[in-house]
Amino acid sequence: MPFWGKKKEEALGAPQQENAGAESNVMGTEGGSGGALSALRENIKQKQGNAYYYAHATRDTGEAPAPMPQHVVLERTVSVQEETTEAISSYQMLDDEDLGVVKVYIPLAGIGSIAKDKEAPKKRVDPEVVRLDLTESSMNIEIRRYKPNTALKLWIKELNNKIDPSGSTVKSLDDKIVVRLKKAAHADKWSKLSA
C-alpha cells in the first residue's frame, strides 16, 4: 500500500521511536539507560564512513591527541617611522635698509610654544627644533617637531646678495620664525630672496 494510504504512525514505523530517544539525549546515552549509544554514535556505527557525523567522531587510534598549537614570539621589533621632508613654500621677505638686514618670516601657527629654548633668553630657538645653516651665499633652515615625523625645510641655494653668517640670527615668535640675514654690504638692495 502506498504511503498516502497508511496512517502516519504505520508509514514512519520504528524509526519514529528511535528519533524520539535520540532527540532527548544526542550526546550521551539514550534515556539514561547506561549502555545505549547516543544518536551520533548510533549513526556513525550504522553508516560508518558514510555517516554525516563521521568527520566529527573521535577515533580510537591508540595515539595521544595532537597538542594544541602554542604561539611563540619569534622576534619583537619597534617600528620607527622615518622622517620625511616637506618644503616650506610660504614665507615673506623684508629688506630693512636702515638696519642693513634682510628679514625672512616663516608663518607657522603655534610654533612659539614648540621652538622656544626653555633655558635660553627670550625668543631664542631650541637648536633641536630649529636649525639654521648659513654660508655667504646660501641659507638652509630646518624645523622639526612641528609636524609628526616631518622636517620642514627652506633651502635657498643662491641668495640674491652676499650675507655675513656670523651676524645673522634666528628667533621664534608665537606664530612665526624670523631669520635675520645680515647683509655683507649695507647698501645692497634685495628685491627677492634668491638670485
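Just so you know, all these numbers are worked out from the coordinates, no wet-lab data involved. None of these values were measured; they are calculated from a predicted model. All Cβ positions, even for glycine, are placed from backbone atoms using ideal geometry, and neighbour counts span all protein chains on display.
Okay, here's what the table says:
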quantity: Ranking of LYS116, LYS183 by count of other Cβ atoms within 10 Å, fewest first; calculated: LYS116, LYS183
quantity: Relative contact order, percent, region 132-184 [alpha-carbon distance under 8 Å, six or more residues apart]; calculated: 30
quantity: Highest average packing first - 143-152, 40-49, Cβ atoms within 10 Å; calculated: 143-152, 40-49
quantity: Leading residue at positive end of dipole, region 154-195 (Cβ point charges), from SER194, LEU154, VAL170; calculated: SER194
quantity: Descending semi-axes in Å of region 49-178, equivalent ellipsoid built from Cα gyration tensor; calculated: 65, 16, 14
quantity: Cα centroid of region 77-115 to Cα centroid of region 119-195, whole Å; calculated: 8
quantity: 5 angstrom amide H check on ILE177, placed H, neighbours 5+ away; calculated: ILE106, LEU108
